[in-house]
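Derivation of every value follows stated rules applied to the coordinates shown; laboratory data play no part. Remember, predicted model here, so these are calculated numbers, not experimental data. Every residue, glycine as well, gets a Cβ built from its backbone with ideal geometry; the counts of neighbours run over all protein chains shown.
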Amino acid sequence: MEDFVIGNAQECGQQAETAARSTSDSISHFLSLMTPAADDVIRSTKAYLPLKNFGMPFRKPEAQKGWHHLSEVTSEIETFWSHSWHGRAWQKILTLLILYNSLRSMAVASLGAVLASCLYAVEVLPGYDVEVDETHFNSIWALATGCCLYFVLLFVARPREGVFVDVVCIDQLDRSRKLMGIRSIAALIKRTKAMIVLWDPTFSRRMWCLFELAAFLHSRSPGEKPRLIIRPTIFGPTLLFLTVAMALVQALVILMQDFRNTAFPMEGIVVFMACYVNVVTYRSYFRSIEELKHQLRVFSVQDATCYCCSKGHRNRSACDKDMLLGCITVWFGSVEVFEERVRTDVLDCLLTQLSQDFFSYRQCIVALCPVMWSGLDFASGGWLWCKHLNQLPGSDGYCGNSERGSPESFLAHWLIRGAVWWLGAVPLNLRLGMRAMYYLRKKCRWRMLDETLNLVILLFIAALTVGMSGLEWYCWGVLRYMLPVPYDYMQLWTTDCSGLLESCEALKAFCDRNLQGTQDSPMNFSLPEASGEQGASGSGSAPAAYQGPIIEEITDEAEESPKAPPAASSSSSSQPASSSSQPAARASEAAAGYPAAEEEQLRLLIAADTIQAEALCASVGSELIFGSEEEIQAHLDGPGRGLCWVAQRGGRAVGVLLCGSDGVFGHVLQLAVEPGDNQRSIRKELVARGHK
């Protein structure tokens, strides 16, 4: 509550000075009792009513018909809105709209964006006609739907929480009713569950504002934590402008995909304008925080003023300040105790919320929802694009550009990418940028130097954004360079996870051998054979130390089978011996007289193995990444020369390893092994050949 309501001496009429003093004393005593002058004075209004027509009661408080008809009698008040009438009305209105409507509006808008993207993906909503080449099917339905729903609901939503607004709940036209409301202000605050303080630089200099805050803290029960929400009035405009700027940038990115040379400068201009205004606003805000600290640390009632004090008490009416000081003396025992309360409790409460809760992570991601909506557009566009490509004759089920993959892969890729930017990258940029604004908040003496400082902060934020974007595209570029053949995102992730598990197993075996003292070479990371095979040569003998991997040469020349070992029993004398090309463990089994399994032959892959490789991949539930013999031959003549292997048993492929190279590093593209007892050994042998 502020001086417009109770501090305008002209509205109170002409009174004698002596009568005014006695009236002031009686009002002070009544205020200290925290009881209402009448039961029907305790009034509240629905939160949406003072915000209708963009907060008309705040913009035109002296309306001819008044605003008292918007209030109703109540027994308790949900929230008390405390503000200074000397602040900017439009900032207070936007801040209240953001506090009450932003989260709900953003949730509904996001649901609408998801629905719009789904309808576009199934071709219920129309899209742009584009050529099927290296571009996506453009979609802006999710972003457009989300923005429209959000901004409409932000201004027309109807929060029904009961609130107290001085210009609405205190009758400004009936003088007697107005005085009753003034005398009941302490009772109103006592019956309030929570208080919202709309802080601006004039708030701490207005006596009525400080009185309302102190009365609210005084009215709480001992040990009760007051529900006090303090927000600067620039909170709403800054958050809303951030959302608008993000929506414009994302719209430019989507609509101008085919005009990248033109889009980039336009995006830069939009981002520059948005961020520059935010930099100036936030630096001013942080300077105001420093000013507030100083004001409250040296707070004295002599510095706080009321409306009547600013007019010089020309009508000799009762001074609001004297009336409030009399009430404060009754409450706190002396004015000095109240001043100390303001310097400690009120200061701590203000600084805690203004510095720590000013821009929380939740508020940040709500303001940045256009980034998520844009990700939905790219996801639905990628899905539809791949779907149309797959309908072309001769399609192999994958998209045909440098980022080849199935429709599901594109959908997952863009959803994950949008979530990472929405929940991680952009909030981190804002946090770091605000930290820079806080440290460089001091205003420079010369205007040109201050503008230069704003540009330095802006360049810092731009460098963070460009750096994150560049890092992302660099990683994808390296990935595409290392995988020069078409690939599927899902298969790539599966291969990476499998390789990671193999590396972890090898590292664990290496550590175990070090602990046991059986590690011969620091470069040997291979997995040892099973302990059962090592001890099969005879009972009672100690297991031999691990000798490292056995490297065998595979050539096209026919190998001579060694003679069968002496029979150990009549049941084993007729079994064939193991070939010298098998691992040492199998040779020891044959020497001991155990029957040897059918041999697996490893050799370099050729194009004629395509049919067997496809059948093997189908048996393990995957697809061969090459669709024809011609593609395999092209790979074998290029990046896969000498790096692709096949394991055969009885003329049938039981294992396939496809590798590639960028000239410096080799990498696994696909590994498929037929399930069986020796699946692990075949996989290790294939990987060992690929590493060579």
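Starting with the highest mean, order 286-299, 370-383, 445-458 by the number of other Cβ atoms within 10 Å, averaged over the residues of each peptide.
370-383, 286-299, 445-458
Between MET448 and GLU291, what FRET efficiency follows from the Cβ-Cβ distance if R0 is 25 Å, with the result rounded to 0.05?
Here the calculated transfer efficiency is 0.60.
Report the Stokes-Einstein translational diffusion coefficient (µm² s⁻¹, integer) for segment 161-242, Rh taken as the Kirkwood radius over Cα pairs, at 4 °C with viscosity 1.567 mPa s.
Taking Rh from Cα pairs, D becomes 89 µm²/s.
Testing the spin-label approximation: label points 7 Å from Cα along Cα→Cβ at VAL108 and THR74. State their distance in nm.
The answer from the label model is 2.1 nm.
Let's test the formula: R0 of 45 Å, r as the Cβ-Cβ distance of CYS148 and ASP40. What FRET efficiency results, to the nearest 0.05?
0.60
For labels at TYR361 and ARG435 in the simple 7 Å Cα→Cβ model, what's the distance in nm?
1.5 nm
Within segment 136-181, report the trypsin sites (Lys or Arg not before Pro) that DSSP leaves as loop and that have at most 14 other Cβ atoms within 10 Å.
Loop-located and lightly packed - ARG160.
With +1 on the Cβ of every Lys and Arg and -1 on the Cβ of every Asp and Glu, and nothing else charged, how large is the dipole of segment 158-227 about its Cα centre, in debye rounded to the nearest 20?
Rounded to the nearest 20 debye, it is 160 debye.
Given R₀ = 35 Å, what would the calculated FRET efficiency be for ILE229 paired with ASP174, taking r from the Cβ atoms and rounding to 0.05?
Here the calculated transfer efficiency is 0.65.
So which of LYS92/LYS443; LYS60/LYS321; LYS60/LYS442; LYS46/LYS190 end up more than 29 Å apart by C-alpha?
Working: LYS92/LYS443 25 Å; LYS60/LYS321 26 Å; LYS60/LYS442 35 Å; LYS46/LYS190 19 Å.
Beyond 29 Å between Cα atoms: LYS60/LYS442.
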